[in-house]
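Data first, discussion second: the structure below is written as structure tokens.
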Amino acid sequence: MLRAAGLSKTYAGPHGVPVPVLHGIELEVKSGEFVAVVGASGSGKSTLLNLLGLLEPASAGEVWLGEERVSHLGRRAQARVRGASIGYVFQSFLLLSGLTALDNVLLAARYVGRTTTRPSSRAGSSSASPTAGPCSIGRRSCWQTSRPAISTTSTRE
Ligand SMILES: Nc1ncnc2c1ncn2[C@@H]1O[C@H](COP(=O)(O)OP(=O)(O)OP(=O)(O)O)[C@@H](O)[C@H]1O
Ligand SMILES: [Mg+2]
């Protein structure tokens, strides 16, 4: 379960002028639930996902994953939680263009400590393999690139 309590974010704008974006967000997403965050451009969707995904700190409030208050962990501990529990597909995919699709997926698996052959067989049997081989990410279409990007987020089981 993912839970946000009183989550707020204020950026420092030009000349130090505060830019308040999120105010006291209360959110609970139960296991198996599918949630879409919708809103006008600039309303704070990416900011909210960044806070929930522990990519940047909140100005106030808490993020809970199950029974653990992850928002108040140190950066290293947050990185471990993120690697183990959070899949994040960025709009720009953020894949390494020098690697094949398969190697991108396997690299993500190494970061989360999955060094067994299972990630390799999973990656090979799902999104990455049909067009992996020597083809690099950089020459792929958006659709082709999205498949390994999604696969890298599912290396944690
Ligand atoms: N690092 C930052 N520093 C200052 N202001 C920021 C920063 N990041 C975002 N903002 C501001 O926060 C507000 C929310 O931005 P955010 O990117 O979360 O919106 P969004 O809903 O994802 O928009 P879009 O639909 O265009 O992606 C905007 O006014 C934006 O200019
Ligand atoms: Mg956005």
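The values are calculated or read from the model by the stated rules, or taken from the named source; none is laboratory data. Keep in mind that what you see is a predicted model, and the values were worked out from it rather than measured. Every residue, glycine as well, gets a Cβ built from its backbone with ideal geometry; the counts of neighbours run over all protein chains shown.
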Test result for ARG75, basic (Lys, Arg), assigned by TED's automatic domain parsing to the domain that holds THR153, away from ligand 2 (no atom under 16 Å from the Cβ) and touching a residue at least 24 places away in the same chain (Cβ under 8 Å): no
First in region 1-28 and within 23 Å of VAL81 (Cα to Cα), second anywhere and basic (Lys, Arg) and more than 10 Å from ligand 1 (Cβ to nearest atom), Cβ under 7 Å, 6 or more apart: MET1/LYS30; LEU27/ARG3; GLU28/ARG3
In region 56-70, the residues that are in contact (Cβ under 8 Å) with a residue 60 or more places away in the chain and surrounded by 14 or more Cβ atoms within 10 Å (Cβ to Cβ): VAL63, TRP64, LEU65
Whichever residue in region 5-44 is surrounded by 16 or more Cβ atoms within 10 Å (Cβ to Cβ) and within 16 Å of ligand 2 (Cβ to nearest atom) and, among such residues, is nearest to PHE90 (Cα to Cα): GLY44
